[in-house]
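One structure is given here, and the rest of the page talks about it.
The values are calculated or read from the model by the stated rules, or taken from the named source; none is laboratory data. These numbers come from a predicted model, not from an experiment. Quick reminder, even Gly has a Cβ in these numbers, built from the backbone with ideal geometry, and neighbours come from all protein chains shown. The accessibility values were calculated without ligands, DNA or RNA, using every heavy atom of the protein model including side chains. Shrake-Rupley method; radii C 1.70, N 1.55, O 1.52, S 1.80 Å.
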Amino acid sequence: MDCPDCGGATLPFPVPADRQDCLPGDEPGAALCSHCLALHPVSDPPADPPDFQRVSDAFPQDADAAVPMALLVGLVGNLALYRAEISTLLADVERAGADPLLVLDRLAHDDGLEPEADLAGRRRQLEQLL
């Protein structure tokens with residue numbers, strides 16, 4: 001599946017049942033664009049989470065941190081709309097042993113990406129949520 005926003009390749013993944021409320025729509029999965037980091041619902045995700053380091057080595061290797069981080073990255077552009085969901089995902093990533101703000105910093109400075117959201121600006125706003 002290609003990203004409808006930029007045409008880049010997407011990385012589909014299953015969304016855990018307890019985080020379905022963080023995903024726009026009713027689909028059981030999502031796909032993260034490997035170029036613009038847009039998040040799109042997926043009706044038929046793979047059974048297991050992929051290696052998100054295929055998007056960027058800034059992503060945590062552990063799926064327990066990588067999946068909520070991917071959701072967070074996809075939602076952070078709409079901070080006002082998804083504030084509660086983003087707060088929950090930040091806590092999930094931290095509980096899994098990763099630093100979500102450091103991941104956002106690294107993604108913002110990854111030359112291979114062109115995020116649709118201003119990750120550096122959103123990172124500063126997220127600091128206030130923590």
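Observations
- For the chain, 22 have no disulfide-compatible partner, since no other Cys C-beta lies under 4.7 Å from theirs.
- Note, ³J(HN,Hα) from phi for region 18-32, Karplus 6.51, -1.76, 1.60, rounded to Hz, x at Gly and Pro: 6, 10, 4, 5, 7, 9, x, x, 10, 6, x, x, 9, 9, 9
- Rounded to the nearest 20, the size of the Cβ-charge dipole of region 74-130 about its Cα centre is 240 debye, with Lys and Arg at +1 and Asp and Glu at -1.
- Placing dummy labels 7 Å off each Cα toward the beta-carbon, the span from residue 94 to residue 114 is 3.4 nm.
- Accessible area per residue, Å², the chain with all protein chains present, probe 1.4 Å: 50 Å²
- The overall shape of region 35-130, judged from the alpha-carbon gyration tensor, is rounded, with an a/c ratio under 1.5.
- As a fraction of the 1.4 Å probe accessible area of region 61-114, surface on carbon and sulfur atoms comes out at 43 percent.
- For region 2-83, the Kirkwood estimate of the hydrodynamic radius, built from every pair of different alpha carbons, is 12.5 Å.
- Between the beta carbons of residue 128 and residue 81, assuming R0 = 25 Å, the FRET efficiency works out to 0.90 to the nearest 0.05.
- Test item: Cα-centred dipole of region 22-118, Lys/Arg +1 and Asp/Glu -1 on Cβ, debye: 180 debye
- Mean Cβ neighbour count within 10 Å, used as a protection proxy, ranking 109-118, 58-67 highest first: 58-67, 109-118
- Amide hydrogen neighbours beyond the local backbone of residue 11, cut-off 5 Å, H modeled: 32, 33, 34
- Here the scattering of region 75-116 is modelled by Debye summation over its C-alpha atoms, one equal scatterer each and no solvent; at q = 0.29, 0.35 Å⁻¹ the log10 of I(q)/I(0) is -1.02, -1.08.
- Unit charges at the beta carbon, dipole of the chain: most positive-side option, 50, 87, 69: 87
- Seen from residue 43, the other residues with C-beta closer than 13 Å to its C-beta sum to a net charge of -3, counting Lys and Arg as +1 and Asp and Glu as -1.
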